[in-house]
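The values are calculated or read from the model by the stated rules, or taken from the named source; none is laboratory data. Computed from a prediction, not measured in an experiment: that's the story for all the values here. Cβ placement follows ideal geometry from the backbone for every residue including glycine, while neighbour counts extend to all protein chains displayed. The accessibility values were calculated without ligands, DNA or RNA, using every heavy atom of the protein model including side chains. Shrake-Rupley method; radii C 1.70, N 1.55, O 1.52, S 1.80 Å.
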Amino acid sequence: MDKLIIGGRELKNRLFIGSGKFADESLIGPIVAQTGVEVITVALRRVDLSGGKENILNYIPKDCVLLPNTSGARNAEEAVRIARLAQAAGCGNWVKIEVISDNKYLLPDNNETIKATRILAEEGFVVLPYMHPDLYAAKELERAGAAAVMPLGAPIGTNRGLKTKEIVRILIEECELPVIVDAGIGKPSEAAEAMEMGAAAVLVNTAIATAGNPTMMANAFSQAVQAGRQAFLAQPGETTEYARASSPLTGFLRS
Amino acid sequence: MRVTVNGESLELSESTTLLDYLIRRNLNPAVLVVEYNGKILHRDHWSQIQIGDGDTLEILSFVGGG
Amino acid sequence: MSFHQIIEGYKDFHIPAYLSKVSAGEVKAALQKDFLKPQDFLTLLSPAAAEHLEAMAQKAHQLTLQHFGRVIQLFTPLYLSNFCVNRCLYCNFNSGNAIGRRKLDAQEIRAEAKAIAATGLKQILLLTGDVPGKAAVDYLIEAVTLVREYFTSIGIEVNPMGVDDYRRLAQAGVDSMTIYQEVYNQAVYDSLHLSGPKKDYHWRLNAPERACQARLRTVNIGALLGLHHWPTEAFFTGLHASYLQNKYLDTEINISLPRIKSGPVGYQPQSPVSDAELVQILLALRLFMPRSGITLSTREPAELRNHLVPLGITRMSAGVNTAVGGHIDGHSDDGQFRISDERSVDEVQQMLISKGYQPVTQDWHHIAG
Ligand code: SF4
């Protein structure tokens, strides 16, 4: 069986979803039931003291892995603080590090992300850093103890697709860690594309949550992720990368 | 007695335990995380903490996020 | 414009001089292109390109996978007759050579066909020496009619004919024709073909085009490598293929790479081609003509054939006996040329499978007529 193991946990489903931006959070339960999604991101916020809103955890099936993000953190220190709070809330030790100090494009700060990863990995967290795809940063995250790296496909929430494809491809080839494409994936075909390249999983939020029919879209993503994964395992023939010699074809002439 | 809760300065008429305060504010303690004077406070201790003058509380819970 | 005019166009162009000046940069630039011009093709036949065989091989491999998949067509020749009126210096069948002559009768043709069909092959290439005339065409048609029930694809490799004769053969069930110019250099051609109708260079040169006009499905051309300066010969072979393909879009133009190593006693090829040079020709042709089939015969030894499979070959002969009646009486004396790969059809199939290729013995099936 083709399984993804992260932080000691065996995952069958390679579609991770985010729980933000749903018009109706009660859809999350049925989506999980239909797709078999196992990992769901959540965020930590000050409670609204005027009360009213139901807690998101009430909508997430209990057997899912909760992946709290550190959204709102503008530096490593804040990310670490949020991660610790999330852990104290009793929802496991996974954390998606997200350090963003740029309010215009919401691009992640790789340097601060690396720092936070180092601290939290040492404390025993299963750290999944959201990052700008950069080979050196990915290698550094690997050394810092990350459980996976999560390069963005395009800026958060833009649904623009796998714009960073060529670099993500390099990360996939060069990193030992699972590469999970996070952010920007707008259509199932783009998720399939990432999986075909060898991504370990994809994390999709906006594209599902803001679809006309989120449940149907989640199903479509789930199938696309499976199809892409199978295509990757089936080893499609290369198309244009002539220079990339797998094994020499003319070696026999020298013997 | 003045306390700061989630950045808001509030007047508390009487001293209570943290747990009682949360319940009085209609919050479900099971899904909360509390930072008490800058330190994360494990839920086991909530019934033992007596809120005092000048205390700072951060009460957080999970929301949808990506 | 005829192909001969294209050859003439290079009259004042000194190919060896050009080749010696090709730089590594020009080779790399040619390798980058998706569509090669004739000059790029020539560049890939240069000594400079010989230093980039691996890169050429990778691209050739990819293009072949892209256009053909991991598939190799298998066929075998059936020698009907070794009577020949020509005197081609390099050929065992030449009329001056004292060998046993034989022409199969109907019963023998059927027996040969049966023996070959028993190996599982469905594509056959009928060969004769050169005996022009109506009787020869009639004999060929009779042979085609006899073997039709055993094979789904019937090719011929015989003397050049007129469009009408090709048409008659097509009607009888021939779908492909093979004819090698042997050597594109006209002076060398003249010196190697001492006498007989084969002396007519142009009649032979235009035969592939006449076959296209007769609407044969596949036309297979080539130069006999070793007869003359190989880069020049390979260049004109490629140009010829490209000329035919551009002009006759509905015909499948294939290229063969027959390399001559020995001939009748006393004959030595003037310009022997090494393994590396053969590889370079194969690769350059593949890059220049990405969609053309390329055939490799059993003239090449088993091991080399195995290595060439991923480099652009799409068609191989197997289980070959170049003697007339060789399949029925099991000998191979007096064959047209010496074969080097003596493996059975089954062994060649196993080799292909082990390399991840699918051997194909039947490419299509006739559903009408
Ligand atoms: S090459 Fe053909 S034409 Fe020439 S001698 Fe041999 S069989 Fe005859």
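Odds and ends about this structure:
- C:PHE288 sits with roughly 20 Å² accessible to a 1.4 Å probe, with DNA, RNA and ligands left out of the calculation.
- Taken over the Cα atoms of the stretch A:7-67, the convex hull encloses 95 Å³ per residue.
- Among the trypsin sites (Lys or Arg not before Pro) in the stretch A:21-65, those located in a DSSP loop and surrounded by at most 15 other Cβ atoms within 10 Å of their own Cβ are A:LYS53, A:LYS62.
- Convex hull per residue volume in Å³, alpha carbons only, for the stretch C:162-305: 125
- Accessible surface calculations at 1.4 Å, restricted to protein heavy atoms, place the stretch A:116-255 at 45 Å² per residue.
- The relative contact order of chain C, computed from alpha carbon pairs under 8 Å that lie at least 6 residues apart in sequence, is 23 percent.
- Three-way shape label, the stretch B:2-61, alpha-carbon gyration tensor, a/c 1.5: rounded
- The protein assembly as shown: antiparallel DSSP beta bridges as a percent of all, rounded to 5: 30
- When each of the peptides A:207-218, A:146-157 is scored by how many other beta carbons lie within 10 Å of its residues on average, the order from highest to lowest is A:146-157, A:207-218.
- Candidates per GluC sites (Glu not before Pro) in the stretch A:1-68, loop by DSSP, up to 14 other Cβ within 10 Å: A:GLU54
- Surface accessible to a 1.4 Å probe, B:TRP46 within the full protein complex, Å²: 10
- Cα long-axis angle, helix C:134-147 against chain C (0 to 90 degrees, to the nearest 10): 80
- Each residue, C:VAL85 and C:GLN5, gets one label point 7 Å from its Cα in the Cβ direction; the gap between the two is 3.1 nm.
- Among the trypsin sites (Lys or Arg not before Pro) within the stretch A:100-134, those in coil by DSSP and having at most 11 neighbouring Cβ atoms inside 10 Å are A:LYS104.
- Greater than 24 Å apart at Cα, pairs in C:LYS134/C:LYS199; A:LYS96/A:LYS163; A:LYS139/A:LYS165; C:LYS37/C:LYS199; A:LYS12/A:LYS96: C:LYS37/C:LYS199
- Per-peptide average of other Cβ atoms within 10 Å, ordering C:242-252, C:298-308, C:149-159 highest first: C:149-159, C:298-308, C:242-252
- Estimated Rh, chain C: Kirkwood, alpha-carbon pairs, angstrom: 20.7
- Within-15-Å neighbourhood charge of C:LEU169 [Cβ basis; K, R +1; D, E -1]: +1
- Three-way shape label, the stretch C:268-307, alpha-carbon gyration tensor, a/c 1.5: oblate
- Here the stretch C:288-310 and the stretch C:143-169 have alpha carbon centers that stand 25 Å from each other.
- Taking the empirical scaling 2.2 N^0.38 Å for compact globular proteins as reference, the protein assembly as shown has a Cα radius of gyration ratio of 1.41.
- Cα long-axis angle, helix A:76-88 against chain A (0 to 90 degrees, to the nearest 10): 70
- Largest mean-square fluctuation among A:ASN93, A:ASN58, A:ASN103, in a Gaussian network model of chain A whose springs join Cα atoms under 10 Å apart, belongs to A:ASN103.
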